[in-house]
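Worksheet for the structure shown next.
A short reminder: the numbers here are calculations on the coordinates, not readings from a lab. Quantities reported herein were computed from a predicted structural model and do not represent experimental measurements. Every residue, glycine among them, receives a Cβ derived from its backbone with ideal geometry; neighbour counts consider all protein chains shown.
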Amino acid sequence: MSNQLLKGKKGIISGALNNMSIAWKVAEKAYEQGAEIVLTNAPIAMRMGEINELSAKIGNAPIIAADATNMEDLDNLFTKSMEHFGGKADFILHSIGMSPNVRKGKHYTEVNYEWYKQTLDVSATSLHKMLATAWKKDAINDWGSVVALTYIAAQRIFPDYNDMADAKSLLESIARSFGYHYGTAKKVRINTISQSPTVTTAGSGVKGFDGFINYSEAMSPLGNADANACADYCVAMFSDLTRYVTMQNLFHDGGFSITGVTQEVVEKFATKE
Ligand SMILES: NC(=O)c1ccc[n+]([C@@H]2O[C@H](COP(=O)([O-])OP(=O)(O)OC[C@H]3O[C@@H](n4cnc5c(N)ncnc54)[C@H](O)[C@@H]3O)[C@@H](O)[C@H]2O)c1
């Protein structure tokens with residue numbers, strides 16, 4: 001059901017790789033709520049062509065290829081988006097993450113530092129680069145909203161999350177720092193949403209993801225939040241109903257982040273009589 005929460009708003013959505021991607025659901029829901037969308041992803045991610053299917057579903061949204069680590073690509077993304085919109089954007093979703101160390105199974109204690117740099121650049125600095133480009137081109141309307149997706153490994157140790165944990169800490173810090181500057185200058189708000197483990201291409205790449213997701217389910221009073229629920233939260237954050245929320249890391253995790261233990265977990269560890 002649509003309340004047209006984003007009626008008249010224009011947004012750029014990155015990271016829709018396939019129909020499991022969180023960004024894919026955000027694009028569908030934002031469109032359903034009345035927004036006009038531009039889609040973007042890394043050129044290499046478009047090879048499968050699945051993003052064309054999403055574009056067709058959401059009013060033939062333009063697809064603009066951009067490697068989020070490349071300043072020229074980002075410049076082109078914002079130039080073309082503004083041409084298409086006939087003005088500035090109202091919201092941006094950063095839904096980008098990748099670690100070569102995770103992909104190639106390198107242990108945290110012996111990461112490859114070239115790959116480590118890539119992890120940070122793709123998964124965190126890319127938010128800074130996007131925001132710096134938008135800032136330079138004055139591409140976001142006053143009271144606009146930027147959301148980046150993150151994970152609680154930024155605050156607590158989840159060993160197999162590897163160097164992505166470091167990237168997420170940096171990502172959250174960039175949201176705060178840029179949030180200050182963009183807020184003061186343009187009333188633009190910048191937040192991160194810290195999502196439950198979710199079955200997607202990036203998510204399932206983490207070693208032991210199965211155990212991870214089941215543990216999280218057992219430790220969350222409401223259970224894990226799925227990709228559709230995350231998309232609903234993103235829509236709320238893009239809407240005018242959250243205009244004074246900025247520079248926050250917002251947990252969207254069924255209560256996981258504040259739960260010490262649940263009965264279900266206690267029972268698993270209880271000594272059998
Ligand atoms: N799935 C989870 O369990 C989970 C939990 C919390 C947060 N997140 C975060 O949500 C975001 C989206 O991930 P997802 O789970 O939907 O997986 P996904 O694999 O569908 O999305 C990751 C996206 O990043 C894009 N990407 C990678 N390198 C890029 C580059 N250089 N330039 C532009 N785009 C690039 C990929 O093409 C892909 O579309 C990520 O930031 C991820 O860390 C995921």
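The table for this structure:
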| read-out | value |
| --- | --- |
| Residue within the range 69-84 that is among the small types (G, A, S) and more than 22 Å from Y182 (Cα to Cα) present | no |
| Matching residues in the range 95-105 - criterion: being crowded, with 17+ Cβ neighbours inside 10 Å and either near the ligand (Cβ under 10 Å from one of its atoms) or more than 14 Å from A165 (Cα to Cα) (or both) | S95, I96, G97, M98, S99 |
| Residue count for the range 34-93, restricted to those that are within 19 Å of L149 (Cβ to Cβ), in contact (Cβ under 8 Å) with a residue 60 or more places away in the chain and within 15 Å of the ligand (Cβ to nearest atom) | 5 |
| Lone unmet requirement of (1) in a helix (DSSP H, G or I); (2) within 13 Å of the ligand (Cβ to nearest atom); (3) touching a residue at least 24 places away in the same chain (Cβ under 8 Å) for A165 | (3) |
| Elements of type helices (runs of 4 or more DSSP H) in the range 1-111, at least 2 residues being among the aromatic types (F, W, Y) | 22-32, 71-85 |
| Residue within the range 216-223 that is farther than 16 Å from W143 by Cα, among the acidic types (D, E), within 16 Å of the ligand (Cβ to nearest atom) and not in a loop (DSSP other than H, G, I, E, B) present | yes |
| Residue match in the range 24-32 (condition: within 10 Å of the ligand (Cβ to nearest atom), among the hydrophobic types (A, V, I, L, M, F, W, C) and over 12 Å from A231 (Cβ atoms)) | no |
